[in-house]
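**Q** Here it is, the structure in full.
The values are calculated or read from the model by the stated rules, or taken from the named source; none is laboratory data. Treat the numbers as computed from the prediction; the structure is a model and nothing was measured. Note that each Cβ is placed from the backbone with ideal geometry, even for glycine, and that neighbours are counted across all protein chains shown. Keep in mind that these areas ignore ligands, DNA and RNA; they rest on the heavy atoms of the full protein, side chains included. Shrake-Rupley method; radii C 1.70, N 1.55, O 1.52, S 1.80 Å.
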Amino acid sequence: MSSIGLLMVVVAFASTDCQLITDENEAWAFVNRVNDESQEVYFKSIQASWNYNTNLTDHNSQLSVEAKLVEAAFEKEVAANASRFNWTAFQNETLKRIFKKASDIGSASLPEDRLTKLKVIESELERLYSSAQLCDDDSTCNNLDPGLTRILAESRDYDKLLWAWFGWRNVSGRKMRNLYKEFVNISNEAARANGYADTGEYWRSWYDMDNLREECQKLYEQLKPLYLNLHAYVKRKLIDKYGEDKFPSTGQIPAHLLGNMWAQSWGNLYSDLLQPFKNKPSVDVTEALKEQNYTAQKMFEVSEEFFTSLGLIPMPEEFWNHSMIVKPDDGRDVVCHASAWDFLNQKDFRIKQCTDITMSDLITTHHEMGHIQYYLQYKNLPVVFRRGANPGFHEAVGDVMSLSVSTPKHLKEIGLLEEVVDDEESDINFLLSQALKKIAFLPFGYLIDQWRWSVFNGETSPEDYNKKWWDLRCKYQGVSPPVQRTEDDFDPGAKYHIPGNTPYIRYFVSYVIQFQFHQALCEAANQTGPLYKCDIYNSHVAGNKLSDMLSLGSSKPWAVAMEKVTGNTTMDAGAIIEYFQPLITWLEKQNEGMDIQWDEACPTDLPVYTLPTQSPEPETTDPTGTGNVVFPNISLLIVLCSCLFALLKE
Ligand code: X8Z
Ligand code: ZN
């Protein structure tokens, strides 16, 4: 149906009298009609957003913003019409839940001018991040992907790492500060228009828990000893490599030495610096992928094969035809940060990933395909239920697959490892490599939204944006800035999810619950050995269990979904602790008698660094440069819509 047809339905409802409607049959009719229309509206908006993400031009930005405004107008009208029903008193719980979700309209609650401004700012932040380039002395320029990411992963030259680390923050985050401040204000206006105190409170509402913060804190405290022990082990190895003088007396690790631009996952240090038993086979298959001439296509096929071995749904033809799994080499700027897309038309599902031929990207491929599997499993539900049971569930699906795929036994089975040695030392090798991905991530996953929540609720004001960021990084991750940072910098903006406006606590939740799912699916697959050796490959029993959970989408509270797989209804750190138990014991022994803590505060005596080739560029404030955001096409659209409304109402 066209958007004109859509408005007619909406207006028909808007013109009924003020009495609240109690008839549930009428409510179902409304829901079904809105559902059909919403698929069309969302499809157009998602398509425009895909076009922008895969070709970051002004024109595509404008089209995408316009489509988002149409989508918002639709959501606003649907919510207004839904409010004409006495839905809180409905008998049918599913119907009630549909109405509740349809009433949650996020930024669509904003007045047109503020919404337009918000969408333009979001679009610009996305572009600033994804098109940023760092150029060296020879005017060779690097994007984050693949250039700077590879330097951080592969270089062991302290100064080169520092150049890339500092340079990336200079060309990305630093340019976003003022825009971000404005973004926070408008985003909070939207939250308040929906009855929330601020955007953080709105985001947390997606978990349907009063105590999400406390629950996460409890889990974090439970897992902290694992992280402290890993941190201490890694720090010692890095001191051996780079020298004690490069490490602050406060006990943190300089943030550029951990193999990753944000020090969020340390797996890239495993092979050359951290593998405990060198005489035992490595479990990193990056070399094997390269030797065997793997392509992105092949990595995606291997991933799909794992899902189908469990009896899960294969990727549809549209997926293979329309996904972007390699970075285009035609000069286009694209958003390289990997993502999975549900076009909400029950047919079109895509991944966008600038795939590099590495083990880390093989894991990311499974991660993204996990999102697509979820989309496929719930594609026949009403649109409002096409979500994860909570956002953490969505992030966990593909990672659950990777827990099996990464086992040496499985890697051998698919030809990526030559030999599997079954002894304690090889187990420690494997578990350490897993801990560098999973345990190292926990404080990072925990702190990002501590920062954002405190920004949204005003506890952290713009003058302290960067200070607060580093306070959290030093305290929780035990990583410190290698050089001085100031409030001219905006280091949060150098991490995708801040300009990309993607909430982050979902990953912390995912890293806990994915082990709960793994444990339960391993039991279903009759795997009796230690949890870290389990591979659910080929188990349809496990696949069916998972499918029972995924196909619920968000139609039931997340505890109900979790129960389908685990038999339990709470988040629990027991499974992740069980998985890593042999490594915990081994690390504790390695660290015996040592102080494994660090100071909460960041070091204060850091050197100043200036990029040799960096010419200062003005900070971006208002993307239009006018102080006013005006889209001629959008104004026209709005005028047209208003006229139409007026006509139809008469
Ligand atoms: O952003 C992602 C995925 C897309 S949902 C690639 N992840 C987080 C990150 O990269 O920071 C997966 C792990 C954490
Ligand atoms: Zn994800």
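**Q** Can you give the accessible area per residue of the chain, in Å², using a 1.4 Å probe? Show your work: numbers first, answer last.
**A** On the way: 26640 Å² over 650 residues.
Ligands and nucleic acids excluded, the result is 41 Å² per residue.
**Q** Just the number, please: Stokes-Einstein D of the range 40-103 in µm²/s, Kirkwood Rh from C-alpha pairs, 10 °C, 1.306 mPa s.
**A** Details: Rh = 13.3 Å.
Rounded, D is 119 µm²/s.
**Q** How high is the relative contact order of the chain, given as a whole-number percent (alpha carbon pairs under 8 Å, six or more residues apart)?
**A** Numbers: 929 pairs, mean separation 127.2, N = 650.
Dividing the mean separation by the residue count of the chain yields 20 percent.
**Q** Sort largest first and round to whole Å: the equivalent ellipsoid semi-axes of the chain, each the square root of five times a Cα gyration tensor eigenvalue. Kindly include the intermediate steps, with their values, before the conclusion.
**A** Details: eigenvalues 333, 188, 107 Å².
Over the Cα atoms of the chain, the ellipsoid semi-axes are 41, 31, 23 Å.
**Q** Please compute the length gained on full extension between GLN597 and ASN345, using 0.36 nm multiplied by the number of residues separating them and subtracting their Cα-Cα distance. Provide the component values of the computation, followed by the final result.
**A** On the way: separation 252, 0.36 × 252 = 90.72 nm, distance 5.15 nm.
Difference between extended and current length: 85.6 nm.
**Q** Another question, then. Could you size up the charge dipole of the chain around its Cα centre, putting +1 on the beta carbon of Lys and Arg and -1 on that of Asp and Glu, and report it in debye to the nearest 20? Please list the in-between numbers first.
**A** On the way: 61 positive and 90 negative charges, 138 e Å.
Dipole size: approximately 660 debye.
**Q** Where does the range 519-618 land on the Kirkwood hydrodynamic radius, alpha-carbon pairs, in angstrom?
**A** Result for the range 519-618 stands at 18.4 Å.
**Q** From zero outward in steps of 10 Å, how is the percent of C-alpha pairs of the range 153-288 spread across the bins?
**A** The percentages, shortest bin first, are 9, 25, 26, 25, 12, 2, 0.
**Q** Could you size up the charge dipole of the range 456-597 around its Cα centre, putting +1 on the beta carbon of Lys and Arg and -1 on that of Asp and Glu, and report it in debye to the nearest 20? Show your work: numbers first, answer last.
**A** Details: 12 positive and 17 negative charges, 90 e Å.
Here the range 456-597 has a charge dipole of around 440 debye.
**Q** Across the range 135-141, in residue order, what do the Karplus-derived ³J(HN,Hα) couplings come to in whole Hz, using 6.51 cos²θ - 1.76 cosθ + 1.60 with θ = phi - 60° and x for Gly and Pro?
**A** 9, 9, 3, 8, 6, 8, 10
**Q** Continuing with this model, one more query. Charges only on Cβ, +1 for Lys and Arg, -1 for Asp and Glu: so what's the dipole of the range 126-182 about the Cα centre, in debye to the nearest 20? Present the calculation step by step, with values, prior to reporting the outcome.
**A** Working: 9 positive and 9 negative charges, 74 e Å.
My answer is approximately 360 debye.
**Q** Net charge around LEU531, counting only other residues with Cβ within less than 14 Å of its Cβ (Lys, Arg = +1; Asp, Glu = -1)? Walk me through the numbers on the way to the answer.
**A** Details: positive: LYS409, LYS438, LYS533; negative: ASP427, GLU523, ASP535, ASP572, GLU578.
Taking every other residue near LEU531 into account, the sum is -2.
**Q** Take the Cα gyration tensor of the range 154-219, multiply each eigenvalue by 5, square-root it, and list the three semi-axes largest first, rounded to whole angstrom. All intermediate terms of the calculation are to be shown ahead of the outcome.
**A** Working: eigenvalues 249, 86, 8 Å².
Semi-axes, largest first: 35, 21, 6 Å.
**Q** For the range 278-429, what are Rg and Dmax over the alpha carbons, in angstrom?
**A** So, for the range 278-429, Rg and Dmax equal 16.7, 55 Å respectively.
**Q** Moving to a separate point now. Accessible area of the range 44-126 with a 1.4 Å probe: how many percent of it is carbon plus sulfur? Can you show the working numbers first?
**A** Details: 1560 of 3270 Å².
Roughly 48 percent of what the probe reaches on the range 44-126 is carbon or sulfur.
**Q** Could you let me know the centre-to-centre spacing of the range 482-549 and the range 154-204, using Cα atoms, in angstrom?
**A** Comparing the Cα centres of the range 482-549 and the range 154-204, I get a distance of 22 Å.
**Q** Additional query: Which one, LEU228, LEU162, MET176, projects farthest toward the positive side of the charge dipole computed for the range 155-273 from Cβ point charges (K/R +1, D/E -1)?
**A** Final value for the positive-end residue is LEU162.
**Q** Something else: Apply the membrane-span-like helix rule to the chain: whole DSSP H runs, Cα extent along the own long axis of at least 30 Å, mean Kyte-Doolittle hydropathy at least -1.0. List the helices found. Don't skip to the end; give the middle numbers.
**A** Numbers: long enough: 24-53 (41 Å, -0.97); 58-82 (36 Å, -0.27); 212-242 (40 Å, -0.75).
Span-like helices, by this rule, are 24-53, 58-82, 212-242.
**Q** A further question on this structure: Put +1 on the Cβ of each Lys and Arg and -1 on the Cβ of each Asp and Glu in the range 26-73; which of LEU69, TRP28, ILE46 then has its Cα farthest toward the positive end of the dipole?
**A** Positive-end residue among those listed: ILE46.
**Q** Let me understand the range 108-217 better: what is its radius of gyration from the alpha carbons, and its Dmax, in angstrom?
**A** 18.9, 55
**Q** What percent does the relative contact order of the range 341-498 come to when contacts are Cα pairs within less than 8 Å and at least six residues apart?
**A** On the way: 106 pairs, mean separation 20.3, N = 158.
Normalised by residue count, the contact order of the range 341-498 is 13 percent.
**Q** Express in nm, to one decimal, how much length is gained between LYS96 and ASP208 on full extension, taking 0.36 nm for each residue of separation and deducting their alpha carbon distance.
**A** Values: separation 112, 0.36 × 112 = 40.32 nm, distance 1.50 nm.
My answer for the length gained is 38.8 nm.
**Q** Per Stokes-Einstein, at 10 °C and 1.306 mPa s, what whole-number D in µm² s⁻¹ belongs to the range 217-357, with the Kirkwood radius over Cα pairs as the hydrodynamic radius?
**A** Estimated via Stokes-Einstein, D reaches 84 µm²/s.
**Q** For ASP157 and ASN32, what is the calculated FRET efficiency with R₀ set at 51 Å and r taken between the beta-carbons, to the nearest 0.05? List each step's numbers first, then the result.
**A** Numbers: r = 62 Å, r/R0 = 1.21.
Using R0 = 51 Å, I get an efficiency of 0.25.
**Q** Further question on the same structure: At q = 0.12, 0.14, 0.16, 0.21 Å⁻¹, work out log10 I(q)/I(0) for the range 421-546 with the Debye formula, treating every Cα as an identical point scatterer and leaving solvent out; two decimals please.
**A** At q = 0.12, 0.14, 0.16, 0.21 Å⁻¹ the computed log10 ratios are -0.64, -0.77, -0.87, -1.18.
**Q** Over every pair of different alpha-carbon atoms in the range 253-297, take the mean of 1/r and invert it; report that Kirkwood radius in Å. Please report the intermediate quantities before stating the final value.
**A** Numbers: mean 1/r = 0.0811 Å⁻¹.
This gives a value of 12.3 Å.
**Q** Might you work out the accessible area of SER131 for me, using a 1.4 Å probe with all protein chains in place, and round it to the nearest 10 Å²?
**A** Only protein atoms counted, so the area is about 40 Å².
**Q** With an 8 Å Cα cut-off and a minimum separation of 6 or more residues, compute the relative contact order for the range 252-388 in percent. If you can, show how the numbers build up before the last one.
**A** Numbers: 151 pairs, mean separation 29.9, N = 137.
Rounded, it is 22 percent for the range 252-388.
**Q** Looking at the range 175-282, which trypsin sites (Lys or Arg not before Pro) are in a loop (DSSP not H, G, I, E or B) and have at most 12 other Cβ atoms within 10 Å?
**A** Numbers: sites: LYS175, ARG177, LYS181, ARG192, ARG204, ARG213, LYS218, LYS235, ARG236, LYS237, LYS241, LYS246, LYS278; in loops: LYS278.
Hits after loop and neighbour filter: LYS278.
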